[in-house]
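**Student:** Take a look at the following structure, please.
The values are calculated or read from the model by the stated rules, or taken from the named source; none is laboratory data. Bear in mind the structure is a predicted one, so any value in this text is a computation, not a measurement. Reconstructed Cβ throughout: ideal geometry from the backbone, glycine too, with neighbour counts over all protein chains shown. Protein only, heavy atoms only, side chains kept; ligands, DNA and RNA dropped before computing areas. Shrake-Rupley method; radii C 1.70, N 1.55, O 1.52, S 1.80 Å.
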Amino acid sequence: MSLKDRKRFEPLEVEPRIVQRWLESGLFHPEPEGTAAENYSIAIPPPNVTGALHMGHALNGSIQDALIRYHRMGGAHAKWILGTDHAGIATQTQVEKRLKGEGTSREEVGREQFIRRTWEWREEFGGTIIEQFKRLGASCDYGDERFTLDEGYVKAVLKVFVDLYEKGYIYRDNYMVNWDPGSGSAISDLEVEDREVTDTLFHIAYPLTDGTGEVVVATVRPETMLADVAVAVHPDDPRYQDLVGRTVTLPLVGRELPIIADEYVKTDFGTGCLKITPGHDPNDFEIGRKHGLDELSAIGEDGRMTDLVPEYAGLTIAEAQAKVVADLDARNLVRAREPYLHTVPFSHRSGERIEPLISLQWFMRMDELAKPAIEAVREGRVKIHPESQSRRYLDWLENIRPWCISRQLWWGHQIPVWYRGEETYVGAQPPEGDGWTRDPDVLDTWFSSALWPFATLGWPDDTPHLRAFYPTDVLSTARDILFLWVARMVMMGLEFAGDIPFEHVYVHSVIQAPDGRRMSKSLGTGIDPLALIEGGPRPPVFTQGGTFPAYGADAVRFGLLAMSSTQDVRFSEEKVAQGQALANKLFNASRFVLLNVDESATPAPSTATIEDRWILSRLQAAKADFGARIEAFDFSKAALGLYDFVYGELCDWYLELIKSREYDAALSGHLLHVLRETLLLAHPVIPFVTEELWDNLPGTDGLLAAARRPAVDEHLRDPDAEHGIERVIATVQAVRSWRDASGVKPGEFLEAQMAGLDGLEPLCARLARLTPVDAGGREPVATIPVAGAQVDLLTGVDPAEAAAKVEAQREHLRKEIALVQRKLANEGFVAKAPEAVVAKEREKLARYEAELEALES
RNA sequence: GGGCGGUUAGCUCAGCUGGCCAGAGCACUCGCCUUACAAGCGAGGGGUCCUCGGUUCGAGUCCGAGACCGCCCACCA
């Protein structure tokens, strides 16, 4: 169907078709030519293979695509590095679920078979999110898709591990870790989230060994007392001065525990006595190491009691707690119990309560690597936007702690370490000889993600891709992985790729549900971007229910960009609707042009009339503004500025101003030119509708996505034309407003004599529906004041209503005049305010007075 | 406990280094089928800019105190 017969932009019909054309063009797959300084690249935060597109992906995709398309149209070789993350725990959990459904388990099928099954799973489901990115219009390099477990990537990971081991940064140690019973693995501090829980706080009496009394300690974990090795008090606590150095006898166990002094103990909490359990509490662990205490484990990695105290061996934690309390009660040693609300660590992944345990793990020392990463941001080589985030980055790196990098999983990069008796071998290739067994653990997924910007480009080989696209330009991400991922990429990039991984880090908003809660599937507050694009059901957070209209990808992209900010924002369906309105408006404006124009005309700017000069001038302003906003990562202003130009200038005024003109070659060419440039301008934000229109526009070849954006032409800026059209707009609005208030039909032509418009009368007359006449001495029935001009109406107005209207207008003017006069009468103001400000006030006064005078006559 | 951000129209948000007659989109009211778009067009109503104090000729904008909301970090058993 011809564009002229299509009254609306129908995204569901158009967008899939456009995606195909883009993909077939090969445009998104740039050859590795030139240097990274000339080229433009962004490495996508790799979504989990298990993932489906959520609002965060959609927002970040819209941001990155706007950047990539903008720079591609600026003439750069632009590569958006694409791929997915193997996501150790998440993926393993999915496959385990599937095995469970088949009546089997990970343990039953064995490691090799399990990994094979996981690859199969990935083949089947891993492409989902990639397809969804295509639907969004994201111009990623789909021809070069990477995976954090593909062959080349594994090579990079192993090399990094071995190098860091050889440098002495990676070591094995017994240490307190966050044990996640859900996944049966240690997890890092960053994967832990705190939740509020009400527990019972037990006050338990520990008798002094010499029988002279007791000390009372408070705990919410009585079962861990089996592994107690000391009792601590504050060194300055007057109550316990004489206890330090003596011992207590641990009830139920009989072990003699020293009473030690440590400043960690709070004198104002509980009894001021603290049981020390280095095996099961991170703080106690620190104190234990400081004082050289034993590290005993009462709870094992299976979540059951160890045989440390045989009568409890094998019990679950809950059972053990019940038994310990019962046994203490039997001995009358529980002095008090009270409900206690506190925060407790839970696994971010499995949702289970973290069990702090001592375990033999691989660690990575971070302080040496942190130093250059701190410098890079301090010196501005890596710039974080908004700037306030760099403080958080620096604070974290300055207080960095060793990173536990081993995970007790099967799906991931298996640690390249082999053991044979007392021997340890570390290397990218298995050791020679027999009898070696490989460490069963895999690396934390973030270890491999940390190499993303260079491992995806072929590192450790010196590849053309690496030379052409590393360092990348921008890394766009949410705040929550600033430490987990961004900081580590900077460290690894500097250490291994020899340069920063990206020049700019853009930290985007988190989009919250419309009610201000976090978007989450389980809360029912999640909004599926595809439901917005294609018209799916509204989730329960929306009060209105029903289904979304099929807004289309352009609308969603526009809406998300318009919503985005430097802080978290609530989802606003209105902004998406605004995007849809913009796409449709542009579509219809193009139809209007094509319906009227001489299609054989050559697109070329014309300066024939003041409105032509005006729109060219405004177009340059819009281009300059949009570019500056994009470069400054101010996507909201970029999108809304586009809207304002298309709606508020191009459609509302320019197209209306030209309607009575003859569409000769000059005007036709000019309209085609303005439209072309508008499409070029808007494409990074709303790529689909602009591409579709481009295809229908005479004189365009090839894809808009591949076209070059023309520079801002400063010669086309025209302040006189801008001022003139501003006056036309003010006049037309004044007349319309007057009509509306006076009850005069909008369509009725009124005779009027205009003054002070310097030749702009015909433009004003047409849009205001006035018939210009010479009053020839007739008294006007009404006078409409406009800035610097005057319109006398000679017909069509009820004199009484007009008089009332005039009086109201006078009243308003008198108030404004009084205000300005008061300001100017203030000596302080005149003396101290900048001259320009004072002049502006004087000018304002003169204008109001002139308008008032016109009304008085 | 420490740090950061926010509080502007019914809703979601703009308002830079102080000069604002305080804006936008949506919602609302009124009027229009004006030959691109009625999912449209035009015109309106609507705000003690959280509170109190201060600086200044002038404060939504700067300073101080407080209230409330959100996030991050560290966490007292």
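**Student:** Against the conditions (1) in a helix (DSSP H, G or I); (2) surrounded by fewer than 16 Cβ atoms within 10 Å (Cβ to Cβ), where does A:Lys159 fall short? Just the number, please.
**Tutor:** The number of the failed condition is (2).
**Student:** Just need a number here: residues in the range A:7-43 that are open to solvent by 20 Å² or more (accessible area, probe 1.4 Å) and either outside any loop (DSSP other than H, G, I, E, B) or among the polar types (S, T, N, Q) (or both).
**Tutor:** Step one: list which residues in the range A:7-43 are open to solvent by 20 Å² or more (accessible area, probe 1.4 Å), which gives A:7-8, A:10, A:12-13, A:16-17, A:20-21, A:23-27, A:29, A:31-35, A:37-38.
Next cut, either outside any loop (DSSP other than H, G, I, E, B) or among the polar types (S, T, N, Q) (or both) only: A:12-13, A:16-17, A:20-21, A:23-25, A:35.
Of the residues in the range A:7-43, 10 are open to solvent by 20 Å² or more (accessible area, probe 1.4 Å) and either outside any loop (DSSP other than H, G, I, E, B) or among the polar types (S, T, N, Q) (or both).
**Student:** A:Pro537 fails exactly one of the following numbered conditions: (1) away from RNA strand B (no atom under 13 Å from the Cβ); (2) surrounded by 17 or more Cβ atoms within 10 Å (Cβ to Cβ). What is the number of that condition?
**Tutor:** Condition (2) is where A:Pro537 drops out.
**Student:** Something else now. Select from the range A:470-486 the residues that are under 16 Å from A:Glu387 (Cβ atoms) and of a type in the set (A, V, I, L, M) and list them in ascending order.
**Tutor:** A:Val474, A:Leu475, A:Leu482, A:Val486
**Student:** Follow-up question, since we're still on this one. Consider the range A:167-203. How many of its residues are within 36 Å of the chain's Cα centre (by Cα) and either assigned to a helix (DSSP H, G or I) or of a type in the set (Asp, Glu) (or both)?
**Tutor:** The qualifying residues number 7.
**Student:** Another question, then. Anything in the range A:726-743 that is touching a helix residue (DSSP H, G or I) at 6+ places or on another chain (Cβ under 8 Å) and either open to solvent by less than 40 Å² (accessible area, probe 1.4 Å) or closer than 20 Å to A:Tyr654 by Cβ (or both)? List them, or say none. Quick ask: steps written out before the conclusion?
**Tutor:** Taking the range A:726-743 and keeping what is touching a helix residue (DSSP H, G or I) at 6+ places or on another chain (Cβ under 8 Å), we get A:728-729, A:731-732, A:735-736, A:738, A:741-743.
Residues satisfying the conditions are A:Val728, A:Ile729, A:Thr731, A:Val732, A:Val735, A:Arg736, A:Trp738, A:Ser742.
**Student:** Kindly list the number of the only condition in (1) buried (at least 21 other Cβ atoms within 10 Å of the Cβ); (2) more than 52 Å from the chain's Cα centre (by Cα); (3) at pLDDT below 90 that fails for A:Tyr206.
**Tutor:** Failing condition for A:Tyr206: (3).
**Student:** Answer yes or no: is there a residue in the range A:269-288 that is in a strand (DSSP E or B), within 13 Å of RNA strand B (Cβ to nearest atom), farther than 14 Å from A:Ala227 by Cα and in contact with a helix residue (DSSP H, G or I) (Cβ under 8 Å, 6 or more places away or on another chain).
**Tutor:** Taking the range A:269-288 and keeping what is in a strand (DSSP E or B), we get A:273-276.
Remaining after also requiring within 13 Å of RNA strand B (Cβ to nearest atom): A:273-276.
With farther than 14 Å from A:Ala227 by Cα added as a condition, the list becomes A:273.
This time we only want the ones that are in contact with a helix residue (DSSP H, G or I) (Cβ under 8 Å, 6 or more places away or on another chain), so: A:273.
Yes: the range A:269-288 contains one or more residues that are in a strand (DSSP E or B), within 13 Å of RNA strand B (Cβ to nearest atom), farther than 14 Å from A:Ala227 by Cα and in contact with a helix residue (DSSP H, G or I) (Cβ under 8 Å, 6 or more places away or on another chain).
**Student:** Let me spell it out: the conditions are (1) open to solvent by 10 Å² or more (accessible area, probe 1.4 Å); (2) over 15 Å from A:Glu649 (Cβ atoms); (3) modelled with pLDDT of 95 or more, and A:Asp701 meets all of them except one. Which number is the exception?
**Tutor:** It fails just one condition, (3).
**Student:** Output yes when any residue across the range A:132-141 is closer than 19 Å to A:Val95 by Cβ and open to solvent by less than 60 Å² (accessible area, probe 1.4 Å), and no when none is. Lay out the reasoning, then the answer.
**Tutor:** Let us first name the residues in the range A:132-141 that are closer than 19 Å to A:Val95 by Cβ, namely none.
For the range A:132-141, residues closer than 19 Å to A:Val95 by Cβ and open to solvent by less than 60 Å² (accessible area, probe 1.4 Å): absent.
**Student:** Does any residue of the range A:489-512 turn out to be open to solvent by less than 30 Å² (accessible area, probe 1.4 Å), part of a strand (DSSP E or B), in contact (Cβ under 8 Å) with a residue 60 or more places away in the chain and not hydrophobic (A, V, I, L, M, F, W, C)?
**Tutor:** Within the range A:489-512, one or more residues are open to solvent by less than 30 Å² (accessible area, probe 1.4 Å), part of a strand (DSSP E or B), in contact (Cβ under 8 Å) with a residue 60 or more places away in the chain and not hydrophobic (A, V, I, L, M, F, W, C).
**Student:** Separate question: All but one of (1) surrounded by fewer than 16 Cβ atoms within 10 Å (Cβ to Cβ); (2) acidic (Asp, Glu); (3) farther than 18 Å from A:Leu475 by Cβ hold for A:Glu387, so report the exception by its number.
**Tutor:** So A:Glu387 meets the others, but not (3).
**Student:** On to the next question. Suppose the filter is over 37 Å from the mean Cα position of the chain (by Cα) and closer than 29 Å to A:Ala218 by Cα; does A:Val324 pass it? I'd like the intermediate steps shown before the answer.
**Tutor:** Values: over 37 Å from the mean Cα position of the chain (by Cα): yes; closer than 29 Å to A:Ala218 by Cα: yes.
Criteria met by A:Val324.
**Student:** Got a sec? Which of A:Val569, A:Val556, A:Val541 is modelled with pLDDT under 90 and within 26 Å of A:Phe626 (Cα to Cα)? Before the answer, list the steps.
**Tutor:** Working: A:Val556 fails: modelled with pLDDT under 90; A:Val541 fails: within 26 Å of A:Phe626 (Cα to Cα).
Result of the check over A:Val569, A:Val556, A:Val541: A:Val569.
**Student:** Give A:Pro402, A:Pro471, A:Pro460, A:Pro386 a once-over and let me know the one that is within 21 Å of A:Phe502 (Cα to Cα) and within 16 Å of RNA strand B (Cβ to nearest atom).
**Tutor:** Working: A:Pro402 fails: within 21 Å of A:Phe502 (Cα to Cα); A:Pro471 fails: within 16 Å of RNA strand B (Cβ to nearest atom); A:Pro460 fails: within 16 Å of RNA strand B (Cβ to nearest atom).
One residue alone meets the criteria, A:Pro386.
**Student:** Oh, and also: Out of all the residues in the range A:650-678, which are without any contact (Cβ under 8 Å) to a residue 60 or more places away in the chain and away from RNA strand B (no atom under 12 Å from the Cβ)? So that I can check it myself, show each step before the final result.
**Tutor:** Going residue by residue through the range A:650-678, those that are without any contact (Cβ under 8 Å) to a residue 60 or more places away in the chain are A:652, A:654, A:658, A:661-662, A:677.
Scanning the range A:650-678 gives A:Arg661, A:Glu662, A:Glu677.
**Student:** Return the total of residues in the range A:183-207 being within 11 Å of RNA strand B (Cβ to nearest atom) and aromatic (Phe, Trp, Tyr).
**Tutor:** Qualifying residue count, the range A:183-207: 1.
**Student:** For A:Arg613, all conditions in the list (1) away from RNA strand B (no atom under 12 Å from the Cβ); (2) over 24 Å from A:Asp713 (Cβ atoms); (3) in a helix (DSSP H, G or I) hold save one; what is the number of the exception?
**Tutor:** (2)
**Student:** Report, by residue number, each residue of the range A:596-640 that is of a type in the set (S, T, N, Q), touching a residue at least 60 places away in the same chain (Cβ under 8 Å) and open to solvent by less than 40 Å² (accessible area, probe 1.4 Å).
**Tutor:** Passing the criteria: A:Ser606, A:Ser617, A:Gln620, A:Ser636.
**Student:** Of all residues in the range A:561-580, which are open to solvent by less than 30 Å² (accessible area, probe 1.4 Å) and either part of a helix (DSSP H, G or I) or among the polar types (S, T, N, Q) (or both)?
**Tutor:** Of everything in the range A:561-580, those that are open to solvent by less than 30 Å² (accessible area, probe 1.4 Å) and either part of a helix (DSSP H, G or I) or among the polar types (S, T, N, Q) (or both) turn out to be A:Leu561, A:Ala562, A:Met563, A:Ser564, A:Ser572, A:Glu573, A:Val576, A:Gly579.
**Student:** Same structure again: Identify the single condition in (1) within 9 Å of RNA strand B (Cβ to nearest atom); (2) open to solvent by less than 10 Å² (accessible area, probe 1.4 Å) that A:Phe548 does not satisfy, given that it satisfies every other one.
**Tutor:** (1)
**Student:** Here are A:Val712, A:Val646, A:Val689: which of them is in contact (Cβ under 8 Å) with a residue 12 or more places away in the chain and more than 15 Å from RNA strand B (Cβ to nearest atom)?
**Tutor:** Details: A:Val646 fails: more than 15 Å from RNA strand B (Cβ to nearest atom); A:Val689 fails: more than 15 Å from RNA strand B (Cβ to nearest atom).
A:Val712 is the lone residue from the list that is in contact (Cβ under 8 Å) with a residue 12 or more places away in the chain and more than 15 Å from RNA strand B (Cβ to nearest atom).
**Student:** Which residue pairs have Cβ atoms closer than 8 Å, lie 6 or more positions apart in sequence or on different chains, and pair a first residue in the range A:814-826 that is under 12 Å from A:Glu841 (Cα atoms) with a second residue that is open to solvent by less than 50 Å² (accessible area, probe 1.4 Å) and within 7 Å of RNA strand B (Cβ to nearest atom)?
**Tutor:** A:Lys823/A:Phe829
**Student:** Determine, yes or no, whether A:Ser62 is crowded, with 21+ Cβ neighbours inside 10 Å and assigned to a helix (DSSP H, G or I).
**Tutor:** Details: crowded, with 21+ Cβ neighbours inside 10 Å: yes; assigned to a helix (DSSP H, G or I): yes.
In short, yes.
**Student:** Which of (1) within 49 Å of the chain's Cα centre (by Cα); (2) assigned to a strand (DSSP E or B); (3) more than 12 Å from RNA strand B (Cβ to nearest atom) is the odd one out, the single condition A:Asp302 does not satisfy?
**Tutor:** For A:Asp302, the exception is condition (2).
**Student:** (1) in a strand (DSSP E or B); (2) within 16 Å of RNA strand B (Cβ to nearest atom); (3) surrounded by fewer than 21 Cβ atoms within 10 Å (Cβ to Cβ): which one isn't true of A:Arg518, the others all being true?
**Tutor:** If we test A:Arg518 against (1) in a strand (DSSP E or B); (2) within 16 Å of RNA strand B (Cβ to nearest atom); (3) surrounded by fewer than 21 Cβ atoms within 10 Å (Cβ to Cβ), just (1) comes out false.
The rows are residues; the columns are (1) without any contact (Cβ under 8 Å) to a residue 12 or more places away in the chain; (2) within 29 Å of A:Ala330 (Cα to Cα); (3) open to solvent by 70 Å² or more (accessible area, probe 1.4 Å).
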residue: A:Val233; (1), (2), (3): no, yes, no
residue: A:Arg239; (1), (2), (3): no, yes, yes
residue: A:Asp242; (1), (2), (3): yes, no, yes
residue: A:Glu256; (1), (2), (3): no, yes, yes
residue: A:Ile259; (1), (2), (3): no, yes, no
residue: A:Asp262; (1), (2), (3): no, no, no
residue: A:Asp268; (1), (2), (3): yes, no, yes
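**Student:** How many residues are open to solvent by 40 Å² or more (accessible area, probe 1.4 Å) and either more than 14 Å from RNA strand B (Cβ to nearest atom) or closer than 30 Å to A:Ala186 by Cβ (or both) if we restrict to the range A:328-344?
**Tutor:** Of the residues in the range A:328-344, 7 are open to solvent by 40 Å² or more (accessible area, probe 1.4 Å) and either more than 14 Å from RNA strand B (Cβ to nearest atom) or closer than 30 Å to A:Ala186 by Cβ (or both).
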